[in-house]
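**Student:** Pasting a structure here, questions to come.
The values are calculated or read from the model by the stated rules, or taken from the named source; none is laboratory data. Quick caveat, the model's predicted, so the values are computed rather than measured. Neighbour counts run over all protein chains shown; Cβ positions are idealised from the backbone, glycine included.
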Amino acid sequence: MVRNTGYSLEAKSNNSLGYGSSRAHPTMQFRYEKGYLINVKTNKVFDVSGGKDVEAQKVIMWNKHNGANQRWRIVYVDQFKEQTKGLIEEFGLFANRPFYIRSRLPNRRMAECQGNHDVRQRKWRNNETGQQWVFDPVMKVIRSKKWNNRVLETSNRSNGLGNMRCYTPSARWW
Amino acid sequence: MATSMEVYQNRDIENQNIVLGKSNGKTHQLWDIVYVDEFKGEPKKGELNEDFGFYVERPFHIISMLPRRRMLQRVDPASAQEIVIKQPNSYKSQVWWFDQSTLTIKC
């Protein structure tokens, strides 16, 4: 049973995406094609603004490119089931099952969450939970086994490069 | 000069005139011939609208393919009328459906 609020998604001026009273108008018509949600009039697509994968980030309309911030999956509610156990195939990791991240360099060191939030490679130490990580299937993040509130993060610089950190998501460093 | 039937002013609205214009290959000059004995009619509830890629009146989530897999969500109150991404939260504002009568995505 669908709920009808009388509103539909709408491509508005200045590349913004919003919603308004439903009407059969091209600014309100979108097709789903190869992972893009495309406005039938402008051919602009849904785009997570700035490519920032953060909570409550705005979604806008933008010219199509190959970025992941423009790709979407339609999952029908009657088929949606959030997987919280076993292998999460999409990420290649088992849910809530501690693991090491081991370098393939000759010394086979482990990625370790340091007290100052750095991530460094260190020799394996038995029972050192700072070297253990857990995939959280709900938040889709890799958590430190030692500090459960810290997650493995990359730099948010535009080129995506920089130090890896294990940091508390609610207190971002950028 | 080659001419083609076209939707006047490229305006895709009900009752818009069809005129003859200089051929330019644009969408408003392109037409399909669909034989009546092959035409299935408009998709009904639960059927796929192949042109738009949605099942009619079948609720769905729109999930970003950025790493956290957040969902598209309508921001309330309606005065803001913004669309954002948020973690799955079971709110109805993360549920959408395709309306065949207006060919829009409703919330």
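**Student:** Tell me, which residue of the range A:50-66 that is over 19 Å from B:W96 (Cβ atoms) and more than 9 Å from chain B (Cβ to nearest Cβ) is surrounded by the most Cβ atoms within 10 Å (Cβ to Cβ)?
**Tutor:** A:W62
**Student:** For the range B:50-97, enumerate the residues that are within 7 Å of chain A (Cβ to nearest Cβ), of a type in the set (F, W, Y) and more than 16 Å from A:E82 (Cα to Cα).
**Tutor:** Result: B:F52, B:F54, B:Y55, B:W97.
**Student:** State all residues of the range B:59-100 that are farther than 20 Å from A:G35 by Cα, of a type in the set (S, T, N, Q) and part of a loop (DSSP other than H, G, I, E, B); if no residue qualifies, say none.
**Tutor:** B:S79, B:Q81, B:N89, B:S90, B:Q100
**Student:** Looking only at residues that are within 7 Å of chain B (Cβ to nearest Cβ), without any contact (Cβ under 8 Å) to a residue 12 or more places away in the chain and among the charged types (D, E, K, R) in the range A:1-49, which one is surrounded by the most Cβ atoms within 10 Å (Cβ to Cβ)?
**Tutor:** A:R31
**Student:** Looking for something touching an Asp or Glu at 6+ places or on another chain (Cβ under 7 Å) and surrounded by fewer than 13 Cβ atoms within 10 Å (Cβ to Cβ) - is there at least one such residue anywhere in the range B:24-37?
**Tutor:** no
For every residue, the table says whether it meets (1) in the same structural domain as B:I18 (by TED's automatic domain parsing); (2) in contact (Cβ under 8 Å) with a residue 40 or more places away in the chain; (3) over 23 Å from A:S49 (Cα atoms).
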| position | (1), (2), (3) |
| --- | --- |
| B:E47 | no, no, yes |
| B:F52 | no, yes, yes |
| B:Y55 | no, yes, yes |
| B:M65 | no, no, no |
| B:R70 | no, no, no |
| B:V75 | no, no, no |
| B:E82 | no, no, no |
| B:N89 | no, no, no |
| B:Q94 | no, no, no |
